[in-house]
Structure formats: structure tokens, C-alpha cells
Amino acid sequence: MKKIVSTAAIATLALAAFAAPANIAERTEAKTFAGADGVVFRYRWAEKLPDDGSKVPLVIFLHGAGERGTNNVAQLRHGVEELLNWLDRHEKGYRLVAGQVPNGKRWVEVDWNAMRHTMLPKPSETMALELALIDKLLADQRTDARRVYVTGISMGGYGTWDIICRRPKLFAAAMPICGGGDTAQAAKIAKVPIWVFHGSADRAVPVFRSRSMVSALWAAGSNAHYREYPDAGHNVWTRTYRDDEVLKWFFSQRNTRLDPPRKK
């Protein structure tokens, strides 16, 4: 049996970031969203709207544990630049949200050391705010409700599984990278286009977490894709987000299972 490191190791191996590269920070805007109870959700926003008035996809990026905080910039450290580069090259327009989880909190409030977990009845505080913001953006006519995408790394991989299980009709596609979810929820998301990624030698999040989710999905009739990088450690997101084949697949998906925005 592989040794499972402490919970804190996820943050360490996620390469804690205090700032993002200047170029990606300049390509995004720092924003805040206040929930119904006044709690503030910090996020970075990137938007390009075509002149012809056509609708644009909405991309949700969920960062890892090492990028938590309140500076509203550290969450840009991994993944966002690659996503924006691809969108700029291949899409007429887009909207992208990269929220930031405060220190001490998580996208999913579960034990990262556990080999399995049960999805909690309610989303975490930060995830609830993320969902409320998505509903607000879906109410804007320029957002294409058939093209809402979510991807996340490590802690954000857990978040990706959690958010699609809570709103299985919302997303056109999902890409959880080195995360874990509740296998009992697999039937709910069997129709969601999903591509899962993990390193076989990951010492922060056991590869079993992805393997078990994919096996449960296949058993439920899903055609989910799975790529396991042989002998790779925790950081497999860099090569994944730089893989044109992967992003071409991701953004080619369209949603036929629409979950309409909730009324306020």
C-alpha cells in the first residue's frame, strides 16, 4: 500500500504561490462577489466579447491548496494562462472565472487523506459562492448556457467532482486533475463528458481516488476518458493544460442537459 502523506503535504506539493506571473495578472481583472449573507468571494475575471453579439462560453477554474489566500492573484499560478492562451487562439470570445479559496477553507470540506468520502449535503461556503456567481453569469444573455466548463487541480480536482455532482445538468464538460469524488454519485454524472487525469506516483492525492471515480462512472454507463501518467507525481496539470488535443476535446463539448439558473 502506498504511503499517504499528511493533509498539509497537498499544499506543499502544490507549490504554494504568493503571486502570479505578471502577464497573466495583467490579462485578468480582480473582482469580488458578495453572497446573500455578505461573505465575499474573491475571483479573477477574464472576458472577451465578440462584436457580433454572439454568446460566449463560461470557463470555471478551481485552484489547488497552495494558492489559497486573500490576495486574489495567487490562484492564477497554475493553469489559467494555458487556458486563456488556448481560448484566445481558438474562440471568438469567452468568460473565465478563477475564484480564490480563503486560507483554512476548501472547495470541498473533506479529509484529503481518506481513500473515499461521502459528498456532504451542502456545498462548502466557498463552493456555494462559486455556484451563486455562476447563476448570476448565466442570467446574462451573453453567456452561452450550453458551454459552461469546469476544471480544477488537486484541491480544485476535488472541487470539480463536487460541483458537477451538485449540478449535473449545468456543465458541458469537466476535467478533474488529481482529485477525488464520491463514487456513490457516479450515476448522477454519467452523462457529463468527463476527462480525468492523475499521476501514477502521486504522493499527495492517491491515484486510487481518480481510478475509483472512473471505474464507478464506467459501471454507470459513462464514456468518461481517463489518462494516467506513468510514474508522474502530483503536478500533471502543466502538461495537461498544454496538450492541444485535451483542450480541443474539452471546448468542443456542448451541453444538452441544461440545468437552468435558479431563481433568486
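Worth pointing out:
- Single match in W161, W107 (criterion: in a loop (DSSP other than H, G, I, E, B), surrounded by 23 or more Cβ atoms within 10 Å (Cβ to Cβ) and either touching a residue at least 24 places away in the same chain (Cβ under 8 Å) or among the charged types (D, E, K, R) (or both)): W107
- Single unsatisfied condition, V59 versus (1) crowded, with 22+ Cβ neighbours inside 10 Å; (2) outside any strand (DSSP E or B): (2)
- For beta carbons closer than 7 Å, sequence separation of 6+ or different chains, a first residue in segment 221-243 that is farther than 28 Å from K188 by Cα and a second that is assigned to a loop (DSSP other than H, G, I, E, B), the qualifying pairs are P230/S200; D231/S200; D231/A201; A232/S200; A232/A201; G233/A201; G233/D202; G233/R203.
- Count - residues of segment 146-158 that are among the hydroxyl-bearing types (S, T, Y), more than 18 Å from N255 (Cβ to Cβ) and not in a helix (DSSP H, G or I): 1
Residues are listed down the side, and each one gets a yes or a no for (1) crowded, with 22+ Cβ neighbours inside 10 Å; (2) of a type in the set (S, T, N, Q):
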{"position": "G179", "(1), (2)": "yes, no"}
{"position": "V192", "(1), (2)": "yes, no"}
{"position": "A220", "(1), (2)": "no, no"}
{"position": "A232", "(1), (2)": "no, no"}
{"position": "V246", "(1), (2)": "no, no"}
{"position": "Q253", "(1), (2)": "no, yes"}
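- Every residue from segment 21-56 that is loosely packed, with under 13 Cβ neighbours inside 10 Å, among the charged types (D, E, K, R) and under 19 Å from L76 (Cα atoms): E26, E29
One line per residue, one yes/no per condition, for (1) more than 27 Å from L120 (Cα to Cα); (2) of a type outside the set (D, E); (3) in contact with a strand residue (DSSP E or B) (Cβ under 9 Å, 6 or more places away or on another chain):
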position	(1), (2), (3)
P176	no, yes, yes
D182	no, no, no
I189	no, yes, yes
F197	no, yes, yes
V214	no, yes, yes
T240	yes, yes, yes
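- Matching entry among S215, S210 (being modelled with pLDDT of 95 or more, surrounded by 23 or more Cβ atoms within 10 Å (Cβ to Cβ) and polar (S, T, N, Q)): S210
- Residue pairs whose Cβ atoms lie under 6 Å apart, separated by 6 or more positions or on different chains, with the first residue in segment 75-95 and touching a residue at least 40 places away in the same chain (Cβ under 8 Å) and the second surrounded by fewer than 15 Cβ atoms within 10 Å (Cβ to Cβ) and of a type in the set (A, V, I, L, M), are G93/L49.
- Within segment 86-104, tally of residues that are under 15 Å from M155 (Cβ atoms) and part of a loop (DSSP other than H, G, I, E, B): 4
- Of all the criteria given as (1) surrounded by 15 or more Cβ atoms within 10 Å (Cβ to Cβ); (2) at pLDDT below 95, the one not satisfied by P102 is (2).
- Top-ranked residue in segment 121-132 [being of a type outside the set (D, E, K, R) and crowded, with 20+ Cβ neighbours inside 10 Å; ranked as farthest from L258 (Cα to Cα)]: T126
The values are calculated or read from the model by the stated rules, or taken from the named source; none is laboratory data. Note that the coordinates shown come from a computational prediction; the quantities given were computed from them, not determined experimentally. Because the Cβ atoms are built from the backbone with ideal geometry, glycine has one as well, and the counts that use them run over all protein chains shown.
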